[in-house]
Amino acid sequence: MQTAEPSRERPPAQHVRAVRFDAGYYYGRGRTARQLAAEMTESWDEQGVNLVYFYAYNRVYGARYRTSYPGNIMEDYGRQDLLRHMIREAHRRGIKVVAWVQGVQHKQMWQAHPDWRQKNADGSDYKPDADSYFLCVRNPEVVQWWLGLLDELLTDYSDLDGIDLAEFQLDLWGDHACHCEQCRSQFAQAHPRDPVPGDSWRRSRAEGLTRLLLASSRLAHSYSKEVHITTVLTARRDGKLMSSAQVRDAIGFDLEGVLNSPDRPEVLQGELIWQQWAALYNDEVTFTPEWTKTAVRQAKAMLRGRARLIAHVEVTDFGSGGLDGPGLARTIASAAQGGATGIDIYDSHLLAEVDQASRHLQTAWLNLGR
């Protein structure tokens, strides 16, 4: 691994107009990796996109890039080296490419190393759904393996513009994980009289994830790559965002702990998806496209200038309806009015189904920077 000191000052260039790309949605269309990269980057160029988040490793099906790293497998687009073609075509059009990795989950290593798995309090594997493969972030073997995975990606794809560490959490919500032998032992030594679960236990488990995130960020900075962290900024029923401490205790992700470090990311991607909360709380009065402006302002207050805020919005149907063109434009305009330094849209294949998406996007982008 490289050990050069990172440069912390990277002035923002232009406002980010980003889209997420998951190659898994594009199989069966008769496109080679080269053809798909050319086709997608051309459409993004027409839509005014200047950054793409490329889903680099699917935790179930494998890599969309060439890899020989232990435990990794490749999808067909990985064997065709889609990432290489995507970087080349995107850069030719002035579009940046950030490798989006979701962690720490990995089916192949979860299967190969039962002792690496997160555990419930009863000792069973923590597996909240069929496609969850949570690895324990306190296990030193997991940490070494994870950083090696990132190191290979950063070494082999030196022209990447950055890394996005997306949705890192220890628990979907609650005190279910992690109760593995290693976590139990470490906590008992540090807090012999404190209950499990309890306040000190929740803070302690978050510290393990924070250390891994910052080590990942430090590694990417050693390659002079920009670091983005993507996380859900959870809304309460009244429309206000939950505090960093509340989220930390519920899922193990400590925003304050991450941002207070010199190894912090340059960008926080805040998932501010009004239709998700409208569906969850059955409230389409509080949660509308215009809610995004208020949420962005609250998120910026939480960041206090320690990272740039990109507002992550989605076309997805959460039960309250997916976004049409005008709805998408209103949501982007609202995020821009709140002061976001960029917008990220999930995702490319859904955007293709929006009628006159390019026209609505080009209009919406005008609000950025005003």
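The values are calculated or read from the model by the stated rules, or taken from the named source; none is laboratory data. Everything numeric in this text was worked out from a predicted model, so none of it was measured. So basically every Cβ, Gly included, is an ideal-geometry build from the backbone, and we count neighbours across all protein chains shown.
Data for the structure
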| item | result |
| --- | --- |
| Matching option when the condition is closer than 30 Å to residue 27 by Cα, of a type in the set (D, E, K, R) and assigned to a helix (DSSP H, G or I), among 330, 359 | 359 |
| Checking residue 368 against (1) over 25 Å from residue 23 (Cα atoms); (2) aliphatic (A, V, I, L, M); (3) at pLDDT 90 or above, the condition it does not meet | (3) |
| Residue match in region 66-82 (condition: within 30 Å of residue 360 (Cα to Cα) and surrounded by 20 or more Cβ atoms within 10 Å (Cβ to Cβ)) | yes |
| Residue that is crowded, with 17+ Cβ neighbours inside 10 Å and more than 30 Å from residue 138 (Cβ to Cβ), where the choices are 98, 16 | 16 |
| Failed condition for residue 60, given (1) within 18 Å of the chain's Cα centre (by Cα); (2) modelled with pLDDT under 95 | (2) |
| The lone exception for residue 131 - which of (1) under 24 Å from residue 82 (Cβ atoms); (2) touching a Phe, Trp or Tyr at 6+ places or on another chain (Cβ under 8 Å); (3) loosely packed, with under 15 Cβ neighbours inside 10 Å; (4) among the charged types (D, E, K, R) it fails | (2) |
| Of residues in region 142-194 being farther than 27 Å from residue 68 by Cα and among the acidic types (Asp, Glu), the one surrounded by the most Cβ atoms within 10 Å (Cβ to Cβ) | 171 |
| Test: residue in region 342-350 that is under 26 Å from residue 238 (Cβ atoms), charged (D, E, K, R) and touching a residue at least 24 places away in the same chain (Cβ under 8 Å) | yes |
| Some residue of region 337-345 being part of a helix (DSSP H, G or I) and at pLDDT 90 or above | yes |
| Members of region 248-272 found to be touching a helix residue (DSSP H, G or I) at 6+ places or on another chain (Cβ under 7 Å) and of a type in the set (Val, Ile, Thr), listed by number | 258 |
| Enumeration of residues in region 23-68 that are part of a helix (DSSP H, G or I) and without any contact (Cβ under 8 Å) to a residue 40 or more places away in the chain | 35, 39 |
| Residue 110 vs. criteria closer than 18 Å to residue 75 by Cβ, surrounded by 15 or more Cβ atoms within 10 Å (Cβ to Cβ) and of a type in the set (Phe, Trp, Tyr) | yes |
| Residue 318 among the hydrophobic types (A, V, I, L, M, F, W, C), buried (at least 16 other Cβ atoms within 10 Å of the Cβ) and part of a loop (DSSP other than H, G, I, E, B) | no |
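Residues checked against (1) closer than 21 Å to residue 161 by Cβ; (2) crowded, with 19+ Cβ neighbours inside 10 Å:
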site	(1), (2)
257	no, yes
283	no, no
322	no, no
342	yes, yes
